[in-house]
1. Hey, can you tell me all the residues within region B:37-81 that are touching an Asp or Glu at 6+ places or on another chain (Cβ under 7 Å) and more than 7 Å from chain D (Cβ to nearest Cβ)?
2. Quick check on my filter: what residues within region E:4-23 are at the interface with another protein chain (Cβ under 8 Å from one of its Cβ atoms) and either over 27 Å from A:A62 (Cβ atoms) or at pLDDT below 90 (or both)?
3. Among the residues of region F:44-67, is any crowded, with 16+ Cβ neighbours inside 10 Å and outside any helix (DSSP H, G or I)?
4. For region B:17-32, which positions are free of Cβ contacts under 8 Å to residues at least 12 places away in the same chain and either farther than 20 Å from D:A19 by Cα or facing chain D (nearest Cβ under 7 Å) (or both)?
5. Restricting to region D:1-23, what's the tally of residues that are in a helix (DSSP H, G or I) and either surrounded by 15 or more Cβ atoms within 10 Å (Cβ to Cβ) or charged (D, E, K, R) (or both)?
6. Among the residues of region B:62-81, which ones are over 16 Å from the mean Cα position of the chain (by Cα) and of a type in the set (S, T, N, Q)?
7. With (1) part of a helix (DSSP H, G or I); (2) more than 10 Å from the chain's Cα centre (by Cα); (3) exposed (fewer than 14 other Cβ atoms within 10 Å of the Cβ) as the list, and B:T42 as the residue in question, which single condition is left unmet?
8. Is it fair to say C:K5 is basic (K, R), farther than 16 Å from C:F63 by Cβ and assigned to a loop (DSSP other than H, G, I, E, B)?
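The values are calculated or read from the model by the stated rules, or taken from the named source; none is laboratory data. Worth saying up front: this structure is predicted, and the values here are computed from it rather than measured. Here the Cβ positions follow ideal geometry from the backbone for every residue, glycine too, while neighbour counts run over all protein chains shown.
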Amino acid sequence: MAARKDAVIKSIRSEMALANAQELMNKTNEKCFAKCVTKPSTSLSGSEETCLARCLDRYMEAFNIVSRSYISRISKERLEH
Amino acid sequence: MAARKDAVIKSIRSEMALANAQELMNKTNEKCFAKCVTKPSTSLSGSEETCLARCLDRYMEAFNIVSRSYISRISKERLEH
Amino acid sequence: MAARKDAVIKSIRSEMALANAQELMNKTNEKCFAKCVTKPSTSLSGSEETCLARCLDRYMEAFNIVSRSYISRISKERLEH
Amino acid sequence: MADKFDDATQKELANFVEAEQAQARLHSSIHMLTSMCWDKCVTGTPSTRFSRSEEGCLANCVDRFLDTSLFMVKKIEEQRAQHGQLS
Amino acid sequence: MADKFDDATQKELANFVEAEQAQARLHSSIHMLTSMCWDKCVTGTPSTRFSRSEEGCLANCVDRFLDTSLFMVKKIEEQRAQHGQLS
Amino acid sequence: MADKFDDATQKELANFVEAEQAQARLHSSIHMLTSMCWDKCVTGTPSTRFSRSEEGCLANCVDRFLDTSLFMVKKIEEQRAQHGQLS
C-alpha cells in the first residue's frame, strides 16, 4: 500500500516536472526563434546558431532571475499579512 | 429547498462576477504596465503612477465602449435574422 | 449497432472539422483585421475590402504552405527514427 | 449530502447554468475585443481623456471587426460557389 | 483494479495533489512573468551576458509589476469609496 | 438510453477517438505555426501574390523552427553532459 502511494506521488511529481520543463522549452524556442532567425532560409546559418545558443543561456538566466524575484516577493508578502 | 436553490444560484453568480472582474484586472494590469512602466527601476516613479492611474480609467472606459458596441450589435443582428 | 457506431464516428469527425475551420477563420479574421483595418472608421472602405479579400487568400495559402512543410517534416522524422 | 433537488428545480438550475455559460462566452468576447481595440486605437501615453482619433477608433473598432468577419464569410461562400465545394 | 487506498492515505494524497496544483499555478505565473519581462527588457541581440540596463530591468521587472497590481487595486478602492459601490 | 456498444466496438471507438485527438494536436500545431510564420514573413500589405522574399521565408519557416527546437535540445544535452545533471 505504502509502495503504491509512493508510486502515485512519484508519477504525479515527474509529470509536473516534465510539463514545467516542456513549457520552458516551448517559450525559449519561441522567443529565440523570434530574435535569432529573422529571415528563415534553407538552413540555420552559423551566426543564427551562435545567437540561438546565447539566447538559450540568457532565457534560462532570465527565468532564474524572475523565479527568485517572484518567490522572494510572495514570501515577504505572506509574512506581512 | 427553495432556499438551497437560491444559494446555489447566488454562489454561481458571484463566482462568475468574480472571474469577470479578475480577468478585467489582469488585462488592465498587463496593458498599463506595458504602456506606463517601460524601464522598471527600483520603485514606481511619480510619473509612472500618474500614467497608471490614467491608464486604469481609460481601460475601463474602453471596456465600456466596447461592451456597449458589442451588445448593441448582436442585439441588432438577432432582430434581423 | 454498426449504424449507431458510424453515426458516432461521423458526428465526432464533423465536430473536429468544424472546430478546425472555425479556428482557421478566427485566425484569418484577427490577422487580416490587424493588417487591413488600421484606423476603423464608420464603414469598411473599398480599399480595406480589397485588402481583406487578398489577405484571406494569402492566409489560406500560408496555411497550406505551412501544413505541407510540417506534415512532410514529421513524416521524414518518423522514417529516420 | 442533503436531498437531491426535484425535477422542476433541476431543470430550472440547468437553464440557469446554460444562461450563465452564454454570459461567460459574451464576457470572454468583450475582453478579447477590448484588448484588441486598445492595442489598435490607443497608441499614445494615457491621458485624462481619449484624443478625438482614439475615441473615433474605439467607437468603430467592434463594428468594423464584426463587418470583417461577415465580409470574410461572404468571400469564402463566393469562392465555394465558383469552384465547387472546397470542403 | 487493486484495493482502494484507506482514508488516511486518501487524505494525504488529496493534500499532495492540492500542493502540486498550487505549485503548478506558481510555475505558470513564473513562465508568464519571464515571457513578459524578457519582451520588455531584452531588446538587443542575445550576447554572452546581459547588458547593465537589461540586467537592471530584469531584476526590477517582477517587483514593479506586482507594485502595479497593488497600485491598481488601491486606486479602484479609492474610487469605490468616493462614488459608492460600482459593482 | 440505448444498449451499450459491445467490447470490440468500444475498442474500435477508443482507437478512433485517440487518432482524432492526435489529429487535433496536429491541427493545433499547424495553426500556431501558420500564425507565427505569417507574423515573421508577411510584412507588407497583402497583394494578389506573395513577394519572392515572403514566399521563401514561408517555405523555410517551419523547417527552421523545427531545426531550432532540435538545436536547443542538443545544446541542453551538451551542457548537462559537461556540468552533470541540472534537473
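1. Filtering region B:37-81 down to residues touching an Asp or Glu at 6+ places or on another chain (Cβ under 7 Å) leaves B:37, B:44, B:69, B:73.
Across region B:37-81, the qualifying residues are B:V37, B:L44.
2. Those that are at the interface with another protein chain (Cβ under 8 Å from one of its Cβ atoms) and either over 27 Å from A:A62 (Cβ atoms) or at pLDDT below 90 (or both): E:F5, E:D6, E:T9, E:E12, E:L13, E:F16, E:V17.
3. Within region F:44-67, one or more residues are crowded, with 16+ Cβ neighbours inside 10 Å and outside any helix (DSSP H, G or I).
4. B:N20, B:Q22, B:E23, B:M25, B:N26, B:N29, B:E30
5. So in region D:1-23, the residues in a helix (DSSP H, G or I) come out as D:7-23.
Narrowing the set further to residues that are either surrounded by 15 or more Cβ atoms within 10 Å (Cβ to Cβ) or charged (D, E, K, R) (or both) leaves D:7, D:9, D:11-13, D:16, D:18, D:20.
Here the count works out to 8.
6. B:S72, B:S75, listed by residue number.
7. Checking B:T42 against (1) part of a helix (DSSP H, G or I); (2) more than 10 Å from the chain's Cα centre (by Cα); (3) exposed (fewer than 14 other Cβ atoms within 10 Å of the Cβ), the one that fails is (1).
8. Working: basic (K, R): yes; farther than 16 Å from C:F63 by Cβ: yes; assigned to a loop (DSSP other than H, G, I, E, B): no.
So C:K5 fails the test.
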